[in-house]
Amino acid sequence: MTLGQFIEHMGNNAFYPLFYFFILPVAALLANFMAKGEGHLSPWCIFYSVLIYLSVIPGIFSILLNLYHVFFEKRSIYDMNMMVDVLPLVSMLLTLFLIKKNVDFKDIPGFGKLTGFVGTIAGLMLIFFVLDKMHLIVFSYLPIQWLALTLVIAFFVIRFMTKKVFT
């Protein structure tokens, strides 16, 4: 399954993206009630960390994919699929807002500065889009699992290299 087929599948089967992007803010809200004032402690900070990863990666990907479609492919903004193009962004913002109400991002492991994480993901995806547009590497025809694996490996390589260089 290619990235285009995956996006089309998610757009045609609204249950999957609705469930996924609805459950993330609900989980953050439930964690806020259950861990009131204890968000910086061990089990909750790990849970919040997972929620941030699960919401920020699709949210940033959605933003960059929409920019790519509008600027490079000249797709009309009226042709946006709400389930695939807008829902991840709304879910990401709502999840981050709910997490921020209970715990500061610097208390969550790996998220001393959330902007650094978001910038790394955005920069990495932007590099992938440029490489794909220049036809140096064609990511759009890769199966989705290989694209995700490539993104995860590249993210950890960049994180490792920046820690080695800047420390």
**Asked** What's the number of the condition residue 70 fails, among (1) over 15 Å from the mean Cα position of the chain (by Cα); (2) under 24 Å from residue 156 (Cα atoms)?
**Response** (2)
**Request:** Would you check if there is a residue in the stretch 58-81 being farther than 25 Å from residue 142 by Cβ and either in contact (Cβ under 8 Å) with a residue 12 or more places away in the chain or of a type in the set (A, V, I, L, M, F, W, C) (or both)?
**Result:** yes
**Message:** Take the residues in the stretch 135-159 that are under 17 Å from residue 1 (Cβ atoms) and touching a Ser or Thr at 6+ places or on another chain (Cβ under 8 Å); name whichever of them is modelled with the highest pLDDT.
**Reply:** 143
**Message:** I need the full set of residues from the stretch 6-35 which are of a type in the set (S, T, N, Q) and touching a residue at least 40 places away in the same chain (Cβ under 8 Å), in order please.
**Reply:** 32
**Asked** Failed condition for residue 132, given (1) more than 30 Å from residue 35 (Cα to Cα); (2) touching a Ser or Thr at 6+ places or on another chain (Cβ under 9 Å); (3) at pLDDT 75 or above, with all others met?
**Response** (3)
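The values are calculated or read from the model by the stated rules, or taken from the named source; none is laboratory data. Bear in mind the structure is a predicted one, so any value in this text is a computation, not a measurement. Cβ sites come from the backbone with ideal geometry, for glycine too, and all protein chains shown count toward neighbours.
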